[in-house]
Amino acid sequence: MKKVVFSIILSSIGILILIHIAYDPPLPNLGELKLKQEYAIKPTPSVDHTLFEELQKDFNSPQEVTEACIECHNQRHKEVIASSHWNWERISYVEDRGIASMGKSNVLNNYCIGASSNEQSCAACHIGFGMTNDRFDFDNARNVDCMVCHDNSEEYHKGSSMAGYPDRSVNLARVAQSVGRPQRMNCGACHFYSGGGNNVKHGDLEEALLSTTREVDVHMAANGMNMTCVDCHSAENHNMKGKLYSVSSSDENRLTCDHCHTSTPHMDRNLDLHTARVACQTCHIPTYAKENPTKMEWRWSDAGRLVEGKPIHETDTSGVETYLSIKGSFRWEKDVAPEYYWFNGHATHYVLGDQVDSIPIQVNQLLGSADDNRSKIYPVKVHRGDQIYDPETNLLIQPKLWAAEEGDSAYWKDFDWKLAAEAGMKRVGLPYSGKHEFVNTEMYWPVNHMVAPKEDALSCEECHRRDDSRLAGLNDFYMPGRDSHAGLDFIGKLLIIAAMAGVILHGLGRIVAAIKNKEIESEEINTNYNQ
Amino acid sequence: MQKVYIYKKFERFWHWTQAALIFFLAITGFEVHGSFSFLGYEQAVESHRVAAWMLLILIAFSIFWHFTTGEWRQYIPTFSKLQAQLRYYTLGIFKGEPHPTRKSVHKKLNPLQALTYLGFKLVMAPLLVITGIVYMFYRTIDANNMVIVSDIPLEVVAFLHTLGAYLIIMFAIVHIYMTTTGHTPTSNIRAMLTGYEDLEDDSEQELKDENKKDE
């Protein structure tokens, strides 16, 4: 009886253990449900701007619209003038550099290289009017462009190379009466098309996000939460939350997933422990540029090939530009698996005038390492290419690319690197030796958008495996499943083989001996019998 | 020959549960190590953790049992007949010589076994248990201010834990083989299953009394 009771108890425990191991209870993730409830209710505007008499008139210039805005919102322009969207420089402490003023005005990139001397064209993405050269008045409130962010009519757009002024076709009164909370297209007009086309720069920000599915982006999906950019990138006093590390360098005012999702969002302790050193994006954005390709490589050294004296452009079968005489050759990729780097929120940049110390030059560099407790592993788009450089002065060159007319030294009109380099470097006040070469450069873009549904997040094996681990490139720490001590594994296997061989030989020896002993015994018996 | 009740109920439960857990931990552990793919990494990690806790609980009970029953004395190594025992396994066993030591309820282990199991209990098991616990609680600082056990590099912890695993596999292979060296190839294993073993003893009557008391 005791035996029966005992075995029943034992087998019950066994079954319970098996169930525990095999069964994954579908507990509701209350935190996530709460967030979904919160963001399901879309904000409604508290005023109707069409009813304001101040806006019911013909505006002769966009500045008049701004004046009308300031009449009521009489302090907001000050906030804008203090914001990152307005200023092209920002003072911050940068490792190895000290307190520095950095931003679009003095850092370079490896796409269209830099804004200096090309303001007339580049200002299409500045929230101001009349930026024709470096003498733009950053203190004039009349030049603040309220409409580019707050237009809800989808009518407003900046003119091409018009120094930040809207296109002449825009009906300013209609725009002024439509203003409200920024929509996706307000942000996208610049952030989707930066670098000269859709998805060129970021890879995770592009026009597909205007109307997309959960598979592409769980947050912005039309069949999902249908969130807009400013739902996360909130802008208390026009100070946008979030950092873009092509120009930013300090770990402040960042926007991270855990602001909403907390640092323990999983219903699993093992996964939650990862959040200490692995950014959410690493597992939850398995690939970027899911819908349309993004530029992965840009070779300025190929630029300048003319056919019958005229610039050309070539596209591949999918319709993306692979060559432009004015820009060089490109390589595009779609559905790209990111590269992974440690990142602690701080970045350094190549600033105009810096000496080139290693090649490829990292025009921006994400700082961090496994030993640094503040660092997490982030997915990164790395854009590689080559660009113009002065081998004598050892400086990267800011070329003058854009001009309205030929004969103004602009490369896009005259196709003369020497003139473009001379004019550009003169503008930024740096020497130019008269010689130029092309040097390889890299640029690092943390990937933050296009978060996949949780079913599509990376599985453990994508990183924790011997071969083809996603983190194969990050070798400054030990990761179970990926790493092992080759010597120990060799010796361990040797020990097992030795043990197996030992017992097999010993066993065979016993069998042979037993047979022999039996023979001797039977011989003895036989002899005894014979006697 | 006398049928003797040598392995108590708890002893057998402990032995076989521990054997099963070690086997399971070896499989899941080497999957976590990246040696092969079987359950899937996530499942392997989870299962390894659950089995590890079960083993820790079992070990706690077995330590209690060993000390309360005094069975721990079985592992006190004796060196007097150690050489004879070694000679038996390397030579005598092939010549059909008898075992140099007698097995009894009070002396279940021969000198070589006692020494080996003592090594198992004092070196191999603590190595695996301690490195395993450190591995399990290995943390770096995080936003939740988790406990930090990151002063020892994970690489070292993993190295020692894996080393322990290789050693225990080697032990298991030899251990299983050695069970066949009893009176008959299956007599030892049968004893560990049923508790009873045929033992020769000159003080048979004394043993019988013992058995009655136990049952």
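A cut-off of 5 Å between modelled amide H atoms, ignoring neighbours fewer than 5 places along the same chain, links A:Q362 with A:E442.
If R0 is taken as 35 Å, the Cβ-Cβ distance between B:I59 and B:T90 corresponds to a FRET efficiency of 0.60. The H on the amide N of A:M296, modeled in the peptide plane, is under 5 Å from the matching H of A:R331, A:W332, A:E333, each at least 5 residues off or on a different chain. Please grab the % of Cα pairs in the stretch B:2-214 that end up more than 21 Å from each other. Above the 21 Å cut-off, the stretch B:2-214 has 62 percent of its Cα pairs. How high is the FRET efficiency between B:A172 and A:L488 when r is their beta carbon distance and R₀ equals 25 Å, given to the nearest 0.05? Calculated transfer efficiency: 0.85. Between the listed residues B:S37, B:L82, B:P153, the Cα displaced farthest toward the positive end of the dipole of the stretch B:2-214, a dipole computed from Cβ unit charges relative to the Cα centre, is found at B:L82. Peptide A:149-159 has a mean of 0 when you count, residue by residue, the C-beta atoms of other protein chains within 10 Å of its C-beta. Here the Karplus curve 6.51 cos²θ - 1.76 cosθ + 1.60, taken at θ = phi - 60°, turns the phi angles of the stretch A:74-82 into couplings of 7, 10, 5, 4, 5, 4, 4, 5, 8 Hz, with x standing for Gly and Pro. Partners of B:K8 within straight-line reach, counting lysines whose Cα lies under 27 Å from its Cα and excluding those fewer than 8 residues away in the same chain: A:K2, A:K3, B:K81, B:K103, B:K107, B:K108, B:K121, B:K208, B:K212, B:K213.
This ranking places A:R135, A:R181 by how few other beta-carbon atoms lie within 10 Å of each, fewest first, which gives A:R135, A:R181. Among the residues of B:39-49, the average count of other protein chain beta-carbon atoms within 10 Å of the residue beta-carbon is 4. Counting Cβ atoms of other protein chains within 10 Å of each residue's Cβ and taking the mean over peptide A:6-15 gives 1. Put in line by how crowded their Cβ is, counting other Cβ atoms within 10 Å and starting with the fewest, A:F330, B:F79 read B:F79, A:F330.
In a simple Cβ point-charge model (Lys, Arg +1; Asp, Glu -1; nothing else charged), chain B has a dipole of about 400 debye relative to its Cα centre. For the stretch A:353-369, 3J(HN,Hα) computed residue by residue from phi via the Karplus equation (6.51, -1.76, 1.60; θ = phi - 60°) reads x, 5, 6, 6, 10, 8, 10, x, 7, 8, 5, 9, 9, 7, 8, x, 7 Hz, glycine and proline entered as x.
Amide hydrogen proximity for A:V278: with H placed 1.01 Å from N in the peptide plane, the residues at 5 or more positions away or on another chain lying under 5 Å are A:I377.
Rounded to the nearest 20 debye, the dipole magnitude of the stretch A:282-342 is 140 debye, with +1 charges on Lys and Arg beta carbons, -1 on Asp and Glu beta carbons, and the Cα centre as origin. If you model the stretch A:1-115 as an ellipsoid using its alpha carbon gyration tensor, with each semi-axis the square root of five times an eigenvalue, the axes come out at 64, 30, 13 Å, biggest first. Computed across the stretch B:1-110, the Kirkwood hydrodynamic radius from all distinct Cα-Cα pairs reaches 17.2 Å. Each of A:E291, A:E308, A:E67, A:E95 was scored by other Cβ atoms within 10 Å of its Cβ. Listed from fewest to most, they are A:E308, A:E95, A:E67, A:E291.
In this simple spin-label approximation, A:E442 and A:L10 carry label points 7 Å from Cα along the Cα→Cβ vector, and these lie 6.0 nm apart.
The modelled label-to-label distance for the pair B:W72/A:K454, using points 7 Å beyond Cα in the direction of Cβ, is 4.7 nm. On the basis of the beta-carbon distance and an R0 of 30 Å, A:S522 and B:S187 show a calculated FRET efficiency of 0.80. Here the Karplus curve 6.51 cos²θ - 1.76 cosθ + 1.60, taken at θ = phi - 60°, turns the phi angles of the stretch A:11-21 into couplings of 5, 4, 4, x, 5, 4, 5, 4, 4, 4, 6 Hz, with x standing for Gly and Pro. For the protein assembly as shown, a Kirkwood radius taken over Cα pairs fed into Stokes-Einstein (4 °C, viscosity 1.567 mPa s) yields D = 40 µm²/s.
Here is how the number arises for the protein assembly as shown: DSSP H runs of 4 or more residues each give -39500 (n - 2.57), the sum is divided by the residue count, and the result at 222 nm is -11500 deg cm²/dmol.
Model label points for A:E405 and B:V123, set 7 angstrom from Cα along the Cα-to-Cβ axis, are 9.1 nm apart.
No lab work stands behind these numbers, since they all come straight from the coordinates. Treat the numbers as computed from the prediction; the structure is a model and nothing was measured. Reconstructed Cβ throughout: ideal geometry from the backbone, glycine too, with neighbour counts over all protein chains shown.
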